[in-house]
Amino acid sequence: MLVSVIIPCHNAEKYIAECIESVMTQTYRDIEMILVENNSSDSTLKLLHEFSTKYPDKVKVLTETKPGASLARNAGLSIAKGEWVQFLDADDLLLPNKISNQVQLVSGSVANLVAGNYLRIENCNTEKIFTVKNSWEGLIIGRLGVTSSNLWRKSSLLAVGGWDDIKSSQEAMLMFKLLQQNNEVIFDDEFNAIKMERSNLSISKTNVKDNIIRYIELRIAIWKYLQSTGNLTEYLLRVLKINVFDSIKILHTENAEAGLSLYNEYVKHKFKPIQSSSTSFLYLVLYKIAGFRMVQNIIG
């Protein structure tokens, strides 16, 4: 079974060689690699052509002039021949058994997604990130794998229109669309993907307000979907309440006006906050006495 590996590449000259070699050293050999150059101003395109020359039977190079990783991934998806797709960011890595292990897991399955554990590396510190084996809970709290740790069924991706061209929450939005189509997810317990966190490259560090708003709005969309389909259990409702309220608190510290606006729209008349790891009993007592705006100004 052919697996298509799609890698968007924007100014990736420092990282792309190691990334590509981590694919070429996979124990699973039935692979094609699609490298999508996306408006680089460094030597990325030159390096990509060098790899296509080195591996002519494995590597294809595309150019996508519209900016953004989502559009670059969709460009690669449009020519992919594999039944399953491995997406990979240009600075991330796969360990040798990643694709082989997940191909074995999907054999005979009707699932459209494999959600994998992964290693997160930032400032030389390595953290194991586990998936949550309730697919809706995992999606809500951001523990349903990431772009590179997962394996995606191509036909299902095409059926939902591929990646949305948004600045953040791209993989969560894509997984939400897939779960609406078929909520059977296969979970991979191995740690065979490495996600590199580089502060100088991360959009989440520079667009905090918009990213949190997008994050919250997606959880509200999940809430409404589960409610409309009769699948909003008491447990998932609790998870959503905690997640949305905690996110609005974070937004308020970055932008009080935006945080208060979303609080008034989604929390004030919808539900009472509940105690969680980031909402203490003291916070709830003060919240009941003084209200959201005041308690945020005091201890938020």
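Look at where the Cα atoms of segment 277-300 and of segment 1-68 average out, and the two centres are 49 Å apart. Amide H contacts of residue 193 (H built 1.01 Å from N, in plane; Pro and chain starts excluded): 95, 119 sit under 5 Å, all sequence-distant by 5 or more or on other chains.
Taking Cβ atoms as reference points and 14 Å as the exclusive limit, the residues near residue 274 contribute a net charge of +4, counting Lys and Arg as +1 and Asp and Glu as -1.
Only helices reaching 18 angstrom along their own axis (Cα) with mean Kyte-Doolittle hydropathy no lower than 0.0 count here, and for the DSSP H runs of the chain these are 208-228, 234-254. Once both labels are positioned 7 Å from their Cα atoms along Cα-to-Cβ, the gap between residue 110 and residue 284 label points is 4.1 nm. Identify the residues of segment 133-156 with backbone N under 17 Å of a label point that sits 7 angstrom from the Cα of residue 180 along the Cα-to-Cβ direction, or state none. Backbone N within reach: 136-137, 139-140, 156. Amide H to amide H, with H built 1.01 Å from N, residue 3 comes under 5 Å of 31, 32, counting only residues 5 or more places away or on other chains. For segment 207-299, the share of alpha carbon pairs falling in successive 10 Å distance bins from zero is 16, 50, 29, 5 percent. Volume per residue of the convex hull around the Cα atoms, evaluated for segment 125-249, comes out as 125 Å³. In straight-distance terms, cross-link reach from residue 81 covers every one of the lysines whose alpha-carbon lies under 20 Å from its own, apart from those fewer than eight places away in the same chain; here that gives 58, 60, 98, 154.
Can you tell me the length gained on complete extension of the stretch residue 124 to residue 141, counting 0.36 nm per residue apart and subtracting the Cα distance?
Numbers: separation 17, 0.36 × 17 = 6.12 nm, distance 2.49 nm.
This chain segment gains 3.6 nm when fully extended.
Residue separation of residue 227 and residue 52 scaled by 0.36 nm, minus their Cα-Cα distance, works out to 58.1 nm of gained length. Here r is the Cβ-Cβ distance between residue 2 and residue 133 and R0 is 30 Å; the resulting FRET efficiency, rounded to 0.05, is 0.60. Each peptide in 264-277, 148-161 receives the mean, over its residues, of other Cβ atoms within 10 Å, and ordering these scores from highest gives 148-161, 264-277. Rounded to the nearest 20, the size of the Cβ-charge dipole of the chain about its Cα centre is 960 debye, with Lys and Arg at +1 and Asp and Glu at -1. Taking amide hydrogens as placed 1.01 Å from N in the peptide plane, the amide H of residue 59 sits under 5 Å from those of 33, each at least 5 positions away in sequence or on another chain.
For the pair residue 79 and residue 27, what calculated FRET efficiency results from E = 1/(1 + (r/R0)^6), where r is the Cβ-Cβ distance and R0 = 25 Å, to the nearest 0.05? FRET efficiency, residue 27 to residue 79: 0.50.
Positive-end ranking of 176, 215, 276 along the dipole of the chain, with charges on Cβ about the Cα centre, is headed by 276. Prolate is the label for the chain, because the ratio a/c of its alpha-carbon gyration tensor axes (a ≥ b ≥ c) is 1.5 or higher and a/b is greater than b/c.
Since every read-out is calculated from the coordinates, none of them should be taken as a lab result. Computed from a predicted structure; not experimentally measured. All Cβ positions, even for glycine, are placed from backbone atoms using ideal geometry, and neighbour counts span all protein chains on display.
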